[in-house]
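One structure below.
Just so you know, all these numbers are worked out from the coordinates, no wet-lab data involved. Note that the coordinates shown come from a computational prediction; the quantities given were computed from them, not determined experimentally. Cβ: placed from backbone, ideal geometry, glycine included. Neighbour counts: every protein chain shown.
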Amino acid sequence: QVQLVESGGGLVEPGGSLRLSCAASGIIIRIYTMAWYRQAPGKQRELVAAVSGGGSTNYADSVKGRFTISRDNAKNTVYLQMNSLKPEDTAVYYCNTVRGIKDYWGQGTQVTVSS
């Protein structure tokens, strides 16, 4: 049973930083692509960042240079370091992986950027 548990969200002022964590069980994260998505109110869920099993990363244009995805294979945990946060980064952030034909999602963590 694959389980993904996100943490680290919260309220932060514009220009601030947060680090999200995604603790995985039932899956070895270094083998699979792990991703962060986000969904803002009234908008579709969108890909934020992903890291492949080989370590390649890709980012949405809107977060390039500000966000960094990484993983700690020993802890089986994926991180999203978010710097220079903007109000438009406000959303629920979800951890995701695909195993076979099935998508797995965490419960999400709220990030609110506001003064």
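Return a yes/no flag: does the range 76-99 have any residue that is in contact (Cβ under 8 Å) with a residue 24 or more places away in the chain, of a type in the set (Lys, Arg) and in contact with a strand residue (DSSP E or B) (Cβ under 7 Å, 6 or more places away or on another chain). Talk me through it step by step, then tell me what you get.
Pass one, the range 76-99, residues in contact (Cβ under 8 Å) with a residue 24 or more places away in the chain: 76-99.
Add one more test, that the residue is of a type in the set (Lys, Arg), and what stays is 86, 99.
This time we only want the ones that are in contact with a strand residue (DSSP E or B) (Cβ under 7 Å, 6 or more places away or on another chain), so: 86.
For the range 76-99, residues in contact (Cβ under 8 Å) with a residue 24 or more places away in the chain, of a type in the set (Lys, Arg) and in contact with a strand residue (DSSP E or B) (Cβ under 7 Å, 6 or more places away or on another chain): present.
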- [ ] May I ask you to list the residues in the range 81-106 that are touching a Phe, Trp or Tyr at 6+ places or on another chain (Cβ under 8 Å) and within 19 Å of Val2 (Cβ to Cβ)?
- [x] Tyr93, Tyr94, Cys95, Asn96, Thr97, Val98, Arg99, Trp105, Gly106
Task: Failed condition for Cys22, given (1) of a type in the set (A, V, I, L, M, F, W, C); (2) more than 19 Å from Gln1 (Cβ to Cβ); (3) in contact (Cβ under 8 Å) with a residue 24 or more places away in the chain - done: (2)
